[in-house]
Amino acid sequence: MKRIKLETIVDHSVLIIGSLIMILPVAMLLQMASTPDIETMRNGPGLVFGDQIPANFEKAMFEASGFSGENTGLRMLYNSLILGLGFAIGKIVIGMMAAYAIVYFRLKFATLAFWIIFTTLLLPLEVRILPSYEIVQKLGMLNTYQGLIIPLIASATATFFFRQFFRSVPEELIEAARIDGAGPIKFFVDILVPLSRTMIAAMFIIMFVYGWNQYLWPTMITTDEGMFTLVRGIKQITQTLEGTNLPEYGKSNILQIIAILPPVLIVIFFQSWFVKGLTESDK
Amino acid sequence: MAQVTLNTLRKVYPNGFEAVKPASFTIEKGEFVVLVGPSGCGKSTMLRMIAGLEDITQGDLQIGDRIVNDVDPADRDIAMVFQNYALYPHMTVRKNIGYGLKNRKIAKDVIDQKVTDAANLLNLNDYLDRKPSQLSGGQRQRVAMGRAIVRDPSLFLFDEPLSNLDAKLRNQMRIEIKALQRRLGVTSVYVTHDQVEAMTMADRIIVMNGGEIEQIGTPAQVYHSPASTFVASFMGAPPMNLLDALVAENAAMIGGQTIAQFAGHGPVTLGIRPEDILPDPNGDFEINVTLIEELGAHRILHATWAGQTIMVSVAKDVTAETGTMHVAIKSDALSFFDAQTGRRL
């Protein structure tokens, strides 16, 4: 019989325990989402799965909670998607253009500009949330998608990654393009963007997940229930649990599962691109 | 096809380094000119100024009948082949070749026709839909050539295009490039640090050193009458022997023996090509062979002569052994250089 080494057992135990820690909360959500609310209320989370998932799913997606009747799960999913996509695409576009300017144009103080952008990493949203809120409010962008997305769109991280990538693009390629008659815009669109596609994919994943999971900012900017994102809206449901009604465990739990699904799917689908973008360059 | 005229062209970098000292010469229509020199001699900077990739500090550059100092590279009617090919990695061979034409807003069917023609010329037909990463080094070089040819430029510029290829392929591509240039008759400037490439490909060679032009001439001129000790030692493998000699009473002497008649007085540097020293049992001069390098077709003898080291190239059928050997010298093949400045006398 093949001997199993102690090391292997330890390694596997660590991995198994780690994955249980990750999976159990999700399993718990599923269990509660599949059980009638009354049973969850009575017994707490259990081990037996029920048959309520389709019903709860329908409730979560199409039945509004709150007063206005606008924040159905579908609506919140849509809002979250807009935030995630706008956030990711905006950051990539802005970051790429900033890096393009810094790397390829003989700007005075380009390096200084870059380091100033870079130091904004030390100033996350939470630090500047009051002035940012005031600006958005004065611009009349409360409860709008622009208000949700634009103040978060400048990205030192994306600028940094694209700068590093652009700097590794061989000089000769730029010169060949110049001789081939490609001006700055053509060079960017025809050559730099296609070359960066793995990097773009990697940035997209990071930024989409980051944007999707935003909580504090949407909470501040959106008061209109029709503008709630999933991550923010779930909290709203949890709040309405109090009172005489039975708490809607099933609905809120399935909403949570819906909320974690898109980031997971994106990472699964793009993971090979992601690894490629961050580790190798296609040049 | 165009004539290219450089008039006191000079390049000084912002840090004050003078990469190219004022240079003037004319490249005739259809001529193949090779800029050769050690790395850092300014040859690439010169080429890049002609291409428009590098600003001209001073002087005028004329391609055809217009001054192009301030003309964009794309509008100079030139094509350039780069050392690392500089192919667009995400485009197919077809798109790589056609990209310049596409930017000139040429009709798609015309582009297709031209790309096909260029591919025919370069035997690239089977590879048109591949990406550069799926090609070998030689094929990539051909694609780079195709990108240059397809634009019908009036001037080809080559920046060490063969230095990334292995020796065998390099020889083959050298011939291909030369033949292609002959066939198309396009004026060409070719930069290399390899003196064999320079000798074999050039109509005229421009030897550069330290930002300065040392000599302009045909390969034969540069080889047989080098303008300076630098050219003498740079061109030719093995290089020309440079020996300290003394001129007195109209004769140049080494180790007290008269080598040749020469007017003047004082120390000079005497240049002799290794193949101009002939083994001859009745020869007047005695050398001491210390090492023999076998090269198949011929042999290189390393020897000392009156305390100075020399190299002698002998045919394969000449028997040679280490030790004392008598040689004769082709006195009409000697070059004399100023001992101080190194310029030809």
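What the table below lists for this structure:
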| item | result |
| --- | --- |
| Residue within segment B:28-48 that is under 30 Å from A:Arg197 (Cα atoms) and among the hydrophobic types (A, V, I, L, M, F, W, C) present | no |
| Segment B:65-79, residues that are facing chain A (nearest Cβ under 10 Å) and part of a loop (DSSP other than H, G, I, E, B) | B:Asp72, B:Arg76 |
| When residues of segment B:80-95 are limited to those that are at the interface with another protein chain (Cβ under 7 Å from one of its Cβ atoms) and out of contact with any Ser or Thr (no Cβ under 9 Å at 6 or more places or on another chain), the one surrounded by the most Cβ atoms within 10 Å (Cβ to Cβ) | B:Met80 |
| Complete set of residues in segment B:262-297 that are among the polar types (S, T, N, Q) and at pLDDT 90 or above | B:Thr269, B:Asn288, B:Thr290 |
| Yes/no for A:Thr159 being assigned to a helix (DSSP H, G or I), touching a residue at least 60 places away in the same chain (Cβ under 8 Å), touching a helix residue (DSSP H, G or I) at 6+ places or on another chain (Cβ under 6 Å) and within 14 Å of chain B (Cβ to nearest Cβ) | no |
| Index of the failed condition, B:Thr324 passing every other in (1) surrounded by 12 or more Cβ atoms within 10 Å (Cβ to Cβ); (2) in contact (Cβ under 8 Å) with a residue 12 or more places away in the chain; (3) in a strand (DSSP E or B) | (1) |
| Filter result (farther than 12 Å from B:Val150 by Cβ, surrounded by 12 or more Cβ atoms within 10 Å (Cβ to Cβ) and touching a residue at least 40 places away in the same chain (Cβ under 8 Å)) within segment B:118-136 | B:Lys131, B:Pro132, B:Leu135 |
| Residue in segment A:194-207 that is part of a loop (DSSP other than H, G, I, E, B) and buried (at least 16 other Cβ atoms within 10 Å of the Cβ) present | yes |
| Total residues in segment A:173-189, condition in contact with a strand residue (DSSP E or B) (Cβ under 8 Å, 6 or more places away or on another chain) and either more than 10 Å from chain B (Cβ to nearest Cβ) or among the hydrophobic types (A, V, I, L, M, F, W, C) (or both) | 2 |
| Unique residue being exposed (fewer than 15 other Cβ atoms within 10 Å of the Cβ), polar (S, T, N, Q) and more than 8 Å from chain A (Cβ to nearest Cβ) when the list is B:Gln62, B:Gln58 | B:Gln58 |
| Test: residue in segment B:163-175 that is within 14 Å of chain A (Cβ to nearest Cβ) and in contact (Cβ under 8 Å) with a residue 40 or more places away in the chain | yes |
| Filter result (more than 13 Å from every other protein chain (Cβ to nearest Cβ) and touching a strand residue (DSSP E or B) at 6+ places or on another chain (Cβ under 8 Å)) within segment B:103-144 | B:Gln141 |
| Some residue of segment B:47-54 being surrounded by fewer than 18 Cβ atoms within 10 Å (Cβ to Cβ), within 8 Å of chain A (Cβ to nearest Cβ) and either at pLDDT below 90 or in contact with a helix residue (DSSP H, G or I) (Cβ under 9 Å, 6 or more places away or on another chain) (or both) | no |
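The values are calculated or read from the model by the stated rules, or taken from the named source; none is laboratory data. Everything numeric in this text was worked out from a predicted model, so none of it was measured. Every residue, glycine as well, gets a Cβ built from its backbone with ideal geometry; the counts of neighbours run over all protein chains shown.
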